[in-house]
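Read through the structure below, which is laid out as structure tokens, and then see the notes.
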Amino acid sequence: MLADIAEAQGQEVAQEITAAGGKALFVCADVGDETQVRELMERAVVRFGGLDLLVNNAGVIARKGVLDSTLEEWKSVFRVNVDSVFLTAKYAIPRMQGRGGGAIVNVSSLAAELALPARAAYCASKGAVSSLTRQLAVEFGPARIRVNAVAPGTMEDTGIFQSRVAVIGNAETVRTSIFGRHPLFQGLGQICQTDDVADVILFLCSEQARMITGVIVPVDGGRSAFDN
């Protein structure tokens with residue numbers, strides 16, 4: 001089941017899954033709205049017969065520091081990045097408990113651990129996602145619900161990267177400035193892609209990760225191992 005406020009893109013992904021032989025239902029929903037999240041979980045159970053896995057991937061970024069951010073902008077980032085994790089967990093976990101367990105993967109960020117200039121709300125919100133991930137893992141581990149997070153660095157095949165290119169005007173300059181501290185980029189010329197993050201999420205959802213909970217997995221080409 002897919003949920004997003006971007007209806008056209010969501011329907012496109014659902015069609016791709018169906019064409020590949022899978023089953024998919026797209027629901028246009030705002031995951032920062034409690035009523036819509038509750039209805040989303042109910043529809044998932046009705047459509048698929050239960051709820052076993054949850055991936056929280058909604059996120060926004062505001063390129064502002066504390067002094068030039070309004071309270072409304074701050075709350076807007078937290079609504080999407082943090083409130084969504086709280087709300088989906090609140091309404092998904094009881095359904096997982098009824099099935100004897102489940103797995104949740106939240107998408108945090110390298111920014112939860114490494115500060116970024118002019119990203120006050122984003123860094124704080126992703127720090128909250130990582131902290132909430134650990135708390136949920138401890139609280140619901142006895143119910144056999146595993147809760148982990150992935151912490152991606154910058155990825156080349158994303159809108160955020162392309163917007164940076166649009167501002168600077170030179171993709172190679174952006175690649176060098178962003179990925180210069182990524183060991184795998186330095187040695188192999190490899191840059192993290194969204195599929196790399198998806199592969200880790202799939203692993204954390206799988207039975208192969210049955211003894212992994214409460215961890216934040218960096219998927220950043222080694223950037224978090226570099227000096228700050």
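The values are calculated or read from the model by the stated rules, or taken from the named source; none is laboratory data. Since this is a predicted model, take the numbers as computed values, not measurements. Note that we place each Cβ from the backbone using ideal geometry, even for glycine, and neighbour counts take in every protein chain shown. These area figures cover heavy atoms from the full protein model, side chains too; ligands, DNA and RNA do not enter into them. Shrake-Rupley method; radii C 1.70, N 1.55, O 1.52, S 1.80 Å.
List of remarks:
- Selection from the stretch 55-78 of residues that are open to solvent by 80 Å² or more (accessible area, probe 1.4 Å) and under 19 Å from residue 6 (Cβ atoms): 57
- Residue in the stretch 1-38 that is farthest from residue 90 (Cα to Cα), counting only those that are assigned to a loop (DSSP other than H, G, I, E, B) and under 19 Å from the mean Cα position of the chain (by Cα): 6
Rundown of residues vs (1) in contact with a Pro (Cβ under 7 Å, 6 or more places away or on another chain); (2) surrounded by 15 or more Cβ atoms within 10 Å (Cβ to Cβ); (3) at pLDDT 95 or above, yes/no style:
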site: 146; (1), (2), (3): no, yes, yes
site: 149; (1), (2), (3): no, yes, yes
site: 168; (1), (2), (3): no, no, no
site: 173; (1), (2), (3): no, no, no
site: 180; (1), (2), (3): no, no, no
site: 184; (1), (2), (3): no, yes, no
site: 194; (1), (2), (3): no, no, no
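- Failed criterion for residue 126 (all others in (1) open to solvent by less than 30 Å² (accessible area, probe 1.4 Å); (2) of a type in the set (Lys, Arg); (3) in a loop (DSSP other than H, G, I, E, B) hold): (3)
- Some residue of the stretch 39-54 being open to solvent by 80 Å² or more (accessible area, probe 1.4 Å), under 26 Å from residue 2 (Cβ atoms), among the acidic types (Asp, Glu) and in a helix (DSSP H, G or I): yes
- Residue 134 being open to solvent by 80 Å² or more (accessible area, probe 1.4 Å), in a helix (DSSP H, G or I) and at pLDDT 95 or above: yes
- Of all residues in the stretch 5-27, those that are in contact with a strand residue (DSSP E or B) (Cβ under 7 Å, 6 or more places away or on another chain) and either touching a residue at least 40 places away in the same chain (Cβ under 8 Å) or open to solvent by 50 Å² or more (accessible area, probe 1.4 Å) (or both) total 4.
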